[in-house]
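Below is one structure, written out as C-alpha cells; the observations come after it.
The values are calculated or read from the model by the stated rules, or taken from the named source; none is laboratory data. Predicted model only: the values in this text are computed from it and were never measured. Neighbour counts run over all protein chains shown; Cβ positions are idealised from the backbone, glycine included.
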Amino acid sequence: MFVCTTKEEKFCVFFAFFTLMIPLSSCWNSSDAQAIRKNGVLSGNYDRLVRPSQITNVSVAFNLLTINDLDIKNQIFSTTGWIEANWNDHRLSWDPTTYNNITDVFADESEVWRPVFFIDNSVSDLSIISDAKLLYRVTHTGEVEWEQPRMFNTHCRVDITFYPFDTQLCHIKLTSWGYTTDEIELQPAYSEILTEDLEPNGEWNLLKTSIKKNELTELRSDGVMTKHWEVIFSIVTKRRTSYYVTGILLPVFLLSYLNTLVFVLPVESGEKIGFILTVLLSLAVLLTIITDKIPSTSIEVSILSVYLAITLCFSVVSCILSVFVMSVSFQDPTKPLPQWGEKIANNSFFPLSCLKKCSNCVLSNRNRTSCDNVTTRSEKNVNDCGDISLNDDGYSPKKDAKSELTWTELAKKLDRLFFYVTFVLITLETIAFLLILMIGGSLNSQQLVSSL
C-alpha cells in the first residue's frame, strides 16, 4: 500500500486528480481541423460538381432585417436580410472521436457542392447568389449550413386603389437554377419569414409574412418540359397614414371647400374670378403632385385621384357659374328681368336666400300697419314691404314683388343658391370618399392577410 508523507500529500492528490481528468477532457486544436480538411472530407476524392444524392433535400429560410423602401411609382420593393440554406452531404461526415471531438469545420464555395440560387423577380441583379468570401459550416453529420446576406430589390405589383390607406403584398421569389425537381427538392424551413431582428420602418408596417413553394414549368427549345422548384417569400405591409392625412388629405379637403366661398364674395369686390382661378390652379398642382407619386397604370385607379378630378370639375363649374353671376349683376338696370329669372326668383330663391322684399303692408278687416310690425310665417321680420292685404286665408301681395326685383338682387340670390348647392355636394362627395377609402382599405388589408 502506497502511503504519502505529510509533505507529499498535496502533490499526490493533485497528481491523481490530473491523471483521472486527462481522458475526460479534450480541446480544439488546429492540427485536428486541418486533418479533417486534408485527409478526410475535403480531400482530393471529393468532387464539388457532383450532387450528394439522387434527390437532394434543401431547406431554405429568410431572415428579414429591414424594409428599406416600397417605390410605388416604379413598383420596386427593397429589403435587406439573409437567406439560409441547409442540406445534407454524406460525403462530408466524419467520426468526431477520431479528431479530438471536433464536430464542425468551415469551407468555402470552391470546396463543397452547393445549390445554385437566384432571385426570379429581381429588378437590379439576376446573377447567381454567391459570395466567395462567405464560409460554409460543415458538421460531422454531413449537414451544410449556408447563409447569404444581401439587399433584395424585387418587382412588386402594387394596388393604388385605396392610396394612401393601401396595403401591399410583395414577394421575393427564390429559384434553383439548373437543377430540376428530380434533382433538388426545395423545402421551406419555416411557414413564415423570420422577423426577430426586423427594424421598424417609418412608412410601412409589417402585417404578415409567409413562405410557400411553387413548381415552375419550362419548355425548352427541343420541346422537352422541365420543372423547377421555387420558394416564394411573401410580405404584407400596410402604409402608415399619419403623414399622408396631414400632408395630402387635409389640404385636398380644405381646397375643395374653397370652391364654395367664391359665391360668398360680393360681385362688387371684383375678386370672384381671380379667387376661383387660384383655387383651380392649386387643385391642378396638387393633382400633379399626387399623380407623380403613383404608378402610371390603368389596371387600378386611385380613389384619391378620382376625388381630385371631381373637385377640379367643381372648380371649373364654379368658375363658369361665377362668370354667369357677374354677367347677371352687370345687366342694364332698365332691362326687364327674363321670364326664367322671375319664375326662379319667386318660386325657389326666396326661401333659400331670405331676401324677399316688399314695400308697404296693408292689414284688412282690422287696421293697416306698417310692415315693420308684420311677422311672416317663417318668423322673420319683413322690412320695406309693398301693400299686403291680410284676409282670413292669410296675406296676399297687393303689389307684385317681382316688379321690385333688380338684376343685382337676382345675382345675389344666385350666389346664395350656388353656395348652398356646392357646399352640400362637396360635403356629400367628401364623406362618401372617406368612407370608401377607409372601409375599402381596411377590407383590402384583411383580404390580403387572409390570402397568405
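Quick notes on this one:
- Single match in Ser282, Ser210, Ser302, Ser221 (criterion: of a type in the set (S, T, N, Q) and modelled with pLDDT under 85): Ser221
- Qualifying residue in the range 152-168 (condition: more than 22 Å from Thr209 (Cβ to Cβ), among the charged types (D, E, K, R) and in contact (Cβ under 8 Å) with a residue 40 or more places away in the chain): no
Results for (1) more than 30 Å from Val301 (Cα to Cα); (2) modelled with pLDDT of 85 or more, shown as yes or no for each residue.
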position: Phe17; (1), (2): yes, no
position: Gly40; (1), (2): yes, no
position: Val50; (1), (2): yes, yes
position: Thr66; (1), (2): no, yes
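- Counted residues, the range 177-194 - those being under 28 Å from the mean Cα position of the chain (by Cα) and not in a loop (DSSP other than H, G, I, E, B): 2
- Subset tally (residues that are farther than 17 Å from Phe162 by Cβ and touching a strand residue (DSSP E or B) at 6+ places or on another chain (Cβ under 8 Å)) for the range 222-260: 11
- Complete set of residues in the range 212-242 that are without any contact (Cβ under 8 Å) to a residue 12 or more places away in the chain and either within 30 Å of the chain's Cα centre (by Cα) or in a strand (DSSP E or B) (or both): Thr217, Glu218, Leu219, Met225, Ser242
- Scanning the range 248-274 for residues that are exposed (fewer than 11 other Cβ atoms within 10 Å of the Cβ), assigned to a helix (DSSP H, G or I) and not acidic (Asp, Glu) turns up Leu254, Ser269.
- Count of residues meeting criterion [in contact (Cβ under 8 Å) with a residue 24 or more places away in the chain and exposed (fewer than 14 other Cβ atoms within 10 Å of the Cβ)] in the range 275-288: 1
- Any hit, the range 79-88, residues being in the same structural domain as Trp113 (by TED's automatic domain parsing), polar (S, T, N, Q), modelled with pLDDT under 95 and not in a strand (DSSP E or B): no
- Residues satisfying the stated conditions in the range 139-166, i.e. surrounded by fewer than 21 Cβ atoms within 10 Å (Cβ to Cβ), of a type in the set (Val, Ile, Thr) and not in a strand (DSSP E or B): Thr141, Thr161
- Inspection of the range 119-138 finds a residue satisfying the criterion of being of a type in the set (A, V, I, L, M), in a strand (DSSP E or B) and touching a helix residue (DSSP H, G or I) at 6+ places or on another chain (Cβ under 9 Å).
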